[in-house]
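The values are calculated or read from the model by the stated rules, or taken from the named source; none is laboratory data. Predicted, not measured: the structure shown is a model, and the values here were computed from it. Virtual Cβ from ideal backbone geometry, glycine too; neighbours counted across all protein chains shown. For the accessible areas, the whole protein counts, side chains as well, though only heavy atoms, and no ligand, DNA or RNA atoms are used. Shrake-Rupley method; radii C 1.70, N 1.55, O 1.52, S 1.80 Å.
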Amino acid sequence: MPNRPTSPITVALATVILTGALYVGLRPIAGAPPLGPLLDPVHGVWALARTAEPAAQSAATIPGLGAGVDVRFDDHGVPHIFAGSLTDAARALGYVHARDRLFQMEVQTRAVAGTLAELVGDRALPLDREARAQGLAAAAATSGYDALPKDAVAKVLGEAYAQGVNAYMSAMSSDELPFEFRLLGAKPQRWESKYTAYLFARMGLTLGYSDGEVRRDAIEALVGRAATDALFPRDNPIQEPIQPNGQRAPRFDFRKIPPPVAGDTARARTAMAVREAFATLAGTGAGELFEGVANFRADDQLDDVAVGSNNWAVSPKRSASGKALLAGDPHLALSLPSIWYQAHIVVKDSLDVYGVTLIGAPLPPIGFTRNVAWSVTNTGADVADYFIETVDDPARPTKYKVDNAWRPLTSRIEVIRGKNGNTLATDTIYHTHRGPMLKAGNAWVSRRWTVTDASDAIAPFLGAARAGSVKELWEATNSFVWPAQNIVSADRGGHIALRSTGHFPVRSRTAERGDLLVDGSKSANDWQGWWKPSEYPQAYDPSQGFVVSANQQPKDPRVDPRYFGWDWPSPWRALRINEMLRADSAVTPDAMRRMQTDPVSAQTKYFLPAIIEAIAAASTRDTTLARAQAVLKEWDGRLVESNTSAVLYEAILSEMSSRTWDELALPAAKPGDRPRRADTPQNMILLELMQDPDSPWWDDRSTPDARERRDDIIRASVTAAWRRVSERLGPPGPAWEWGKSRHALVRHLLGIPALSRREVPIQGGPGSVSPSSGDGNHGASWRMVVELGDEVQAWGIYPGGQSGNPISPRYTDLLGRWSAGALDSLRFPRTANDLQGAITSSRLELRRAP
């Protein structure tokens, strides 16, 4: 049903509510002006009401435009851009991005450049120092964007896109200045084409960052190398790989986990100090100030049972319609406005693509055309190595040694300024030929990382949008460098495919294991080259009739034993998706939609029976255990909102993990401090350990006079979980309903409560296809299903809306349907005239500047 126009009374009422909420609930923001100007009836927050919805007909000029561009907005506010050239289409998209999401563009750019303090004040200094240390903007300016030839797609379309952004800002009235700028007393900076490179660099940090070597060192110090290799293995003990291996069910390669050895606490503390130093390069503090700064953080890097992305494709022989089907739901941080912006771009005889665009980029990285569709999940491959460098002066190094010869260090002087241009800090960042070098404890460590390599990040997406088949899409994405992605695709010819795509380093024989720190004094330890595309994990029209990726290990080590990464997420989502597809030989688009929010967690059928069995085996009658057993036995394992057992089950698993992995905890540094755990194994490792009920890992170190076995720990965990849940929620009943404990939190970019949406109902939980973590702000950032028939049909949704104006009806108009697991039909007209009447909300005519 088309959306009805929002009445002026509704908009005015929303303005009143927003003003009141801001007055009573606005959290202090450093550098913000007094609240009074925001309440100015002419130029304050009330002006937002006057721009809440675009005019039904409007026109604008853009310098450099080759010809007129017709932009039709449909009933969901999605622009359909009809242009005469690719560069004109990029100009138009830049214009509408700026019109609808200008503050988002600003904060994303400043987050990478390390200039947030210039926008919000001194409070952002730690974030800016992190960004400067990461050096993403510097890399984009030297080895990245600036190093590309003038005719590179990223430069040609990036410059055109910038013209569109700046054309909007030049013509923008004071009423159109986004609310956040008013709140901060700031104005937007001019957009430069290199800022698109910044955007992709930030995605590279999110999706391609790894610090496994640094993590491992602390764990090894506590429990030894053999145990570390087993707890954080390079190969997943549950195999359901992305590249099909001929199995019709997952394979469990469980082994006995070696016992822990006596730990070296001093070494572990040193290793943790190194890890904390390198946390600077991960940008881990960003979300503490702004959700929008960190909103590219991938769920793929968080708790393996709580979060994760999915995609899959089904061949015509297994679909009800006899057409290829594709589904994708990348999971990222949820924010208002969303990371994504839907757009349809048509260039006559050249391009006709619908997808979700990133704010700051001229083409969609996920989408579909008349011939192909594609989506992505994060590969999780190890594309970063850390080298212990030998320097001439540990206090103030000027040189580093390689092959017994000294090489000069290069350095960057980073001056960080505040809102008034005052200098807040001056940092010196050293570089080896590998990358930035930081002091970590008593050592100097440098990082070699694919994300600092030159890359035309736009060209592969243009190639994908022009591809006529899956094979052509593969050819187009051969040039994709970073961040490595599992690209699923399907075409109208009935072909399906899945390939892990990006640059994967070939390591030397002496440094083949990328999960260990490397001696930087030997050039032989440097990377030797890249995997060939033919060696990538991949599948094309597999005999099973479907392909699936859910961040699991891409290749079965029995097929290819080479190192690709380590400590892979537990493959519960992959197991469940494969299970559903194996059971359905006539898949429909609606079945694909339901699968995206399927409430079954594959882990439950392995853990739940073992928990119930351990309770039943208790030698003495215990009231708490009996009550817990009754609650668990009545549960079917589905994580639906109404069930009252899952909250206890989740608490039990949490207790089991804490009690089992106590050997990984560092002793408190001083009295009163809480012990810190160096790391926690994925919960598939806990399942692997459960096959060995007498393992020394079950022994609780806090009870030296007793030796616990598996069932002792399970029962103690059940008792503690029952107590914990009862103290928080009371006795079993409606308060224990899963839906009352599980919500999505969709934060405004500045974290302002009045502009955020809290306690959004969701279905699913740990290990399910649509995972979540409590009142978490990570989830499906976009859900899409495509059927590639004679006429392509597609459905999709994301949690938010097209507009960044909190008064606009397009700010959260999609959120309710996203919460319910619904998808909107995506309008895919061939011509502008196909968008008529109620399905068109407004029209924008872009003209050449005189």
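Computed values, structure above
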quantity: Any pair with Cβ under 8 angstrom, 6 or more apart, that starts in segment 396-407 at a residue that is loosely packed, with under 13 Cβ neighbours inside 10 Å and ends at one that is of a type in the set (D, E); calculated: T398/D392
quantity: Residue satisfying all of: in segment 619-664; within 21 Å of P681 (Cα to Cα) and among the charged types (D, E, K, R); nearest to the chain's Cα centre (by Cα) among these; calculated: E650
quantity: Subset of segment 59-76 [open to solvent by 10 Å² or more (accessible area, probe 1.4 Å), in contact with a helix residue (DSSP H, G or I) (Cβ under 8 Å, 6 or more places away or on another chain) and in a loop (DSSP other than H, G, I, E, B)]; calculated: P63, G64, G66, A67
quantity: Test: residue in segment 124-134 that is crowded, with 23+ Cβ neighbours inside 10 Å, basic (K, R) and outside any loop (DSSP other than H, G, I, E, B); calculated: yes
quantity: Some residue of segment 744-761 being more than 23 Å from the chain's Cα centre (by Cα), open to solvent by 40 Å² or more (accessible area, probe 1.4 Å) and at pLDDT below 95; calculated: no
quantity: Complete set of residues in segment 431-453 that are open to solvent by less than 70 Å² (accessible area, probe 1.4 Å) and more than 29 Å from the chain's Cα centre (by Cα); calculated: T432, G441, A443, W444
quantity: Output for segment 149-174, where each listed residue is hydroxyl-bearing (S, T, Y) and surrounded by fewer than 20 Cβ atoms within 10 Å (Cβ to Cβ); calculated: S170, S173, S174
quantity: Residue in segment 415-430 that is surrounded by fewer than 20 Cβ atoms within 10 Å (Cβ to Cβ), among the hydroxyl-bearing types (S, T, Y) and touching a Phe, Trp or Tyr at 6+ places or on another chain (Cβ under 6 Å) present; calculated: no
quantity: Residue satisfying condition, being among the charged types (D, E, K, R), in contact with a helix residue (DSSP H, G or I) (Cβ under 8 Å, 6 or more places away or on another chain), over 21 Å from F232 (Cβ atoms) and exposed (fewer than 15 other Cβ atoms within 10 Å of the Cβ), within set R701, R723; calculated: R723
quantity: Selected residue (criterion: surrounded by the most Cβ atoms within 10 Å (Cβ to Cβ)) from residues of segment 77-89 that are aliphatic (A, V, I, L, M) and farther than 20 Å from S808 by Cα; calculated: A89
quantity: Check on G837, surrounded by fewer than 21 Cβ atoms within 10 Å (Cβ to Cβ), in contact with a helix residue (DSSP H, G or I) (Cβ under 8 Å, 6 or more places away or on another chain) and either modelled with pLDDT under 95 or not polar (S, T, N, Q) (or both); calculated: no
quantity: Within segment 247-259, tally of residues that are in a loop (DSSP other than H, G, I, E, B), of a type outside the set (A, V, I, L, M, F, W, C) and at pLDDT 95 or above; calculated: 6
quantity: Filtered residue count, segment 603-630, keeping only those that are over 17 Å from I713 (Cβ atoms) and crowded, with 18+ Cβ neighbours inside 10 Å; calculated: 2
quantity: Selection from segment 442-485 of residues that are among the small types (G, A, S), farther than 20 Å from L351 by Cα and modelled with pLDDT of 90 or more; calculated: S446, A484
quantity: Residue list for segment 720-777, filter: assigned to a helix (DSSP H, G or I) and among the small types (G, A, S); calculated: A720, A721, S726, A735, G739, A754
quantity: Test result for V718, open to solvent by less than 20 Å² (accessible area, probe 1.4 Å), in contact with a Ser or Thr (Cβ under 8 Å, 6 or more places away or on another chain) and either at pLDDT below 95 or within 20 Å of K633 (Cα to Cα) (or both); calculated: yes
quantity: Contacts under 6 angstrom Cβ, first residue in segment 604-616 being farther than 12 Å from L687 by Cα, partner open to solvent by less than 30 Å² (accessible area, probe 1.4 Å), 6 or more apart; calculated: I612/L632; A614/I714; I615/L625
quantity: Qualifying residue in segment 510-521 (condition: in a loop (DSSP other than H, G, I, E, B), β-branched (V, I, T) and over 26 Å from the mean Cα position of the chain (by Cα)); calculated: no
quantity: Pair list, Cβ < 6 Å and 6+ apart or interchain, from segment 837-850 residues that are closer than 13 Å to I81 by Cα and of a type in the set (A, V, I, L, M) to residues that are open to solvent by less than 50 Å² (accessible area, probe 1.4 Å) and in a strand (DSSP E or B); calculated: L844/S58; L844/V71; L846/A60; L846/I62; L846/V69
quantity: Among (1) open to solvent by less than 40 Å² (accessible area, probe 1.4 Å); (2) within 22 Å of P696 (Cβ to Cβ); (3) in a loop (DSSP other than H, G, I, E, B); (4) not β-branched (V, I, T), the one test that N236 misses; calculated: (2)
quantity: Residues of segment 348-389 satisfying the condition of being in a loop (DSSP other than H, G, I, E, B) and surrounded by fewer than 18 Cβ atoms within 10 Å (Cβ to Cβ); calculated: K348, D349, S350, R370
quantity: Selected residue (criterion: most open to solvent (accessible area, probe 1.4 Å)) from residues of segment 824-834 that are closer than 23 Å to W795 by Cβ and over 32 Å from the mean Cα position of the chain (by Cα); calculated: R830
quantity: P693, sole failed condition from (1) farther than 23 Å from A617 by Cβ; (2) free of Cβ contacts under 8 Å to residues at least 40 places away in the same chain; (3) part of a loop (DSSP other than H, G, I, E, B); calculated: (1)
quantity: Index of the failed condition, W191 passing every other in (1) surrounded by fewer than 24 Cβ atoms within 10 Å (Cβ to Cβ); (2) part of a loop (DSSP other than H, G, I, E, B); calculated: (1)
quantity: Close pairs from segment 456-469: first farther than 13 Å from P362 by Cα, partner among the acidic types (D, E) and surrounded by 21 or more Cβ atoms within 10 Å (Cβ to Cβ), Cβ under 7 Å, at least 6 apart; calculated: S469/D491
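The rows are residues; the columns are (1) under 30 Å from F73 (Cα atoms); (2) of a type in the set (F, W, Y); (3) in contact (Cβ under 8 Å) with a residue 40 or more places away in the chain.
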{"position": "R101", "(1), (2), (3)": "yes, no, yes"}
{"position": "V107", "(1), (2), (3)": "yes, no, yes"}
{"position": "A113", "(1), (2), (3)": "no, no, yes"}
{"position": "L119", "(1), (2), (3)": "no, no, yes"}
{"position": "L127", "(1), (2), (3)": "no, no, yes"}
{"position": "A138", "(1), (2), (3)": "no, no, yes"}
{"position": "G158", "(1), (2), (3)": "yes, no, yes"}
{"position": "D175", "(1), (2), (3)": "yes, no, yes"}
{"position": "F181", "(1), (2), (3)": "yes, yes, yes"}
